[in-house]
1. Got a sec? Which of ASP351, ASP267, ASP275, ASP295 is out of contact with any strand residue (DSSP E or B) (no Cβ under 9 Å at 6 or more places or on another chain) and within 15 Å of the ligand (Cβ to nearest atom)?
2. Spot the failing condition for THR249; the list is (1) surrounded by fewer than 17 Cβ atoms within 10 Å (Cβ to Cβ); (2) on the phi < 0 side of the Ramachandran plot, and only one is missed.
3. Would you confirm whether any residue within segment 312-320 is part of a loop (DSSP other than H, G, I, E, B) and touching a residue at least 40 places away in the same chain (Cβ under 8 Å)?
4. Condition first: open to solvent by 40 Å² or more (accessible area, probe 1.4 Å), hydrophobic (A, V, I, L, M, F, W, C) and either part of a strand (DSSP E or B) or closer than 17 Å to LEU232 by Cα (or both). Now tell me which residues in segment 254-305 satisfy that.
5. Check segment 76-84 and report whether any residue there is open to solvent by 20 Å² or more (accessible area, probe 1.4 Å), under 20 Å from the mean Cα position of the chain (by Cα) and either more than 29 Å from ALA235 (Cβ to Cβ) or within 13 Å of the ligand (Cβ to nearest atom) (or both).
6. Working only within segment 204-230, note down all residues that are open to solvent by 10 Å² or more (accessible area, probe 1.4 Å), under 15 Å from the mean Cα position of the chain (by Cα) and within 14 Å of VAL251 (Cβ to Cβ).
7. Name the strands (runs of 3 or more DSSP E) wholly within segment 96-199 that hold at least 3 residues that are within 16 Å of the ligand (Cβ to nearest atom)?
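The values are calculated or read from the model by the stated rules, or taken from the named source; none is laboratory data. Given the structure is predicted, the values throughout are model-derived calculations rather than measurements. Every residue, glycine as well, gets a Cβ built from its backbone with ideal geometry; the counts of neighbours run over all protein chains shown. Just the protein is used for accessible areas: all its heavy atoms, side chains included, with ligands, DNA and RNA removed. Shrake-Rupley method; radii C 1.70, N 1.55, O 1.52, S 1.80 Å.
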Amino acid sequence: MADLFEPVTVGKWTLNNRIVMAPMTRNRATPDGVPTDLMATYYGQRATAGLIITEGVQPSTVGQGYMNSPGMHTPAQTAAWRTVADAVHQHGGRIVAQIMHAGRISHPDNKHHAETVAPSAIAAPGEMFTATGLQPHPTPRALGTDEIPSVIDEYAHAARAAVDAGLDGIELHAANGYLLHQFLAPNTNQRTDSYGGTPEARARFVIEAAQAVSDAIGSERVGIRISPGINLHGAIEDDADDTAATYRTLVDALSAMGLAYLHTIGDPTTPLIEDLSHRFAGLRIVSNGWDPVTDAAIAQALLDNDQADLVAVGRAFIANPDLVQRWQTQAPLNQPDVNTFYGGDHRGYTDYPSV
Ligand SMILES: Cc1cc2nc3c(=O)[nH]c(=O)nc-3n(C[C@H](O)[C@H](O)[C@H](O)COP(=O)(O)O)c2cc1C
């Protein structure tokens with residue numbers, strides 16, 4: 001039976017342990033999406049994780065959702081990512097960038113007034129945090145069929161830029177209601193071209209994006225995150241047969257591509273996630289979901305029950321830069337301050353103490 005603290009080989013990487021720092025948006029980049037030295041310090045502090053998955057990183061200005069999230073599409077951004085990658089590698093860690101095009105979960109005020117695009121011109125429910133407060137999500141412009149290759153190219157460019165900047169690879173963010181997930185879910189994808197209308201057609205955009213990033217950097221440097229049936233940010237998958245058909249098409253294609261890992265969010269005992277994780281030939285990273293907060297016992301049980309090969313841990317890593325050592329020695333844990341999760345300075349970011 002696997003132990004959380006034992007090394008594992010995933011794709012191209014040999015990891016020191018099976019504890020993965022989950023992707024977490026922290027909104028500490030510059031308004032131009034350039035990673036800061038503070039971010040390099042933050043990730044460097046957490047380099048004893050087996051693998052760090054960065055916060056969501058936009059592959060284009062249009063793809064930015066939240067204020068002060070980092071990008072991977074300008075020379076200044078990629079130069080600064082090198083500083084982050086170096087900080088993690090100096091401490092013996094591994095880091096991949098989570099490439100996240102937000103699609104309709106966005107606002108022009110957060111991205112120099114760039115437009116918002118999505119599979120279909122359907123606004124997301126709810127509001128988006130902007131510099132002037134909460135504002136409704138805008139109605140996105142539906143991508144034309146002829147534009148799709150250029151959006152897929154943005155993913156490939158970002159993947160290449162990440163590896164050129166010294167990161168170890170990328171994770172495609174196909175979860176939580178952002179652009180890739182908006183193609184998968186029937187209520188956000190009402191397209192009548194070959195990217196919509198059936199489960200197979202709705203899976204197509206994600207498959208093509210995964211193929212493009214694999215062609216760019218090698219599939220063994222690519223992972224993907226999915227959240228089937230989690231229904232976040234208005235991407236609703238409430239028809240069980242349709243959801244299963246969509247994700248089976250997707251995961252079978254990803255498996256054949258030889259991706260490094262499949263990262264699922266949600267209860268791994270749900271029949272669909274269980275089925276998908278068995279269909280996938282590579283390794284499985286599991287995030288148990290938002291409730292309860294992942295702790296050491298939950299994480300080890302995921303391995304013991306053969307539900308995961310590695311476990312993604314979010315909030316405990318925010319508050320404990322040396323989480324791996326603390327879990328290993330059963331040391332007391334710092335508690336995270338939710339008020340400093342999204343944006344701000346070093347407080348609640350790089351000032352949590354190690355033991
Ligand atoms: C502050 C914060 C930001 C997050 N940002 C992202 C993100 O950028 N991409 C993503 O896929 N998930 C994101 N998540 C979800 C986490 O990756 C993780 O799945 C979730 O926190 C549950 O794990 P936990 O119980 O260990 O915290 C975020 C969670 C938190 C708390």
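1. Among ASP351, ASP267, ASP275, ASP295, only ASP267 is out of contact with any strand residue (DSSP E or B) (no Cβ under 9 Å at 6 or more places or on another chain) and within 15 Å of the ligand (Cβ to nearest atom).
2. (1)
3. Checking segment 312-320: at least one residue is part of a loop (DSSP other than H, G, I, E, B) and touching a residue at least 40 places away in the same chain (Cβ under 8 Å).
4. LEU283, TRP290
5. Yes, that holds for at least one residue.
6. ARG225, PRO228
7. Here the list reads 169-174.
Conditions tested, residue by residue: (1) within 9 Å of the ligand (Cβ to nearest atom); (2) of a type in the set (Ser, Thr, Tyr); (3) buried (at least 23 other Cβ atoms within 10 Å of the Cβ); (4) closer than 27 Å to LEU283 by Cβ.
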| position | (1), (2), (3), (4) |
| --- | --- |
| ARG28 | no, no, no, no |
| PRO31 | no, no, no, no |
| ASP37 | no, no, no, no |
| THR41 | no, yes, no, no |
| GLN45 | no, no, no, yes |
| GLN58 | no, no, yes, yes |
| GLN64 | no, no, yes, no |
